[in-house]
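Taken together, the values in this text are just the output of simple stated rules run on the coordinates, not laboratory data. Since the structure is predicted, the reported quantities are computational estimates derived from the model, not experimental observations. With ideal geometry, Cβ positions are generated from the backbone for all residues, glycine too; neighbour counts draw on all protein chains shown.
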Amino acid sequence: MALAGCAGDETVSGFVDPTTEFALESISGSPFAARATITFPGAGKVLGEAPCNRWSAAQTATHPAVNIENILSTKRFCPDQALEDQYFDALRAMSRVEATGNVVILSDGSNREMVFRAQK
């Protein structure tokens, strides 16, 4: 669902449907055992749900680069806190994005990647 630079937005938000929520399937090939999502609602914005909390962040890198920074989240603690920490650590490390159809893949340029699939 590439929107090819919609309205001059050269960040990943211009290349995916801004209303689509993508759910994390795996990190580096290992299935992710909790619910975590990401959405790219507009230029410079990224938000989602981690296993315990809702979050938002800035993302201003030009596609196909990605730089998720200044993550802000609610502060609820839950039994999946270790998975939430893993999710946020992985997001901060990602530097590239590939968006094709219903799949978004974030990668760090070496061996680590996060695979997200659009929710229906």
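Does segment 62-104 hold any residues that are in a strand (DSSP E or B) and either touching a Leu at 6+ places or on another chain (Cβ under 9 Å) or surrounded by fewer than 16 Cβ atoms within 10 Å (Cβ to Cβ) (or both), and which are they?
Selection gives Ile68, Glu69, Asn70, Ile71, Leu72, Arg96, Val97, Glu98, Thr100, Val103.
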### Task
Kindly provide the set of residues from segment 20-55 that are touching a strand residue (DSSP E or B) at 6+ places or on another chain (Cβ under 7 Å), on the phi < 0 side of the Ramachandran plot, hydroxyl-bearing (Ser, Thr, Tyr) and surrounded by fewer than 16 Cβ atoms within 10 Å (Cβ to Cβ), ordered by number.
Ser26
### Task
Could you check how many residues of segment 85-102 are free of Cβ contacts under 8 Å to residues at least 60 places away in the same chain and under 19 Å from Phe40 (Cα atoms)?
9
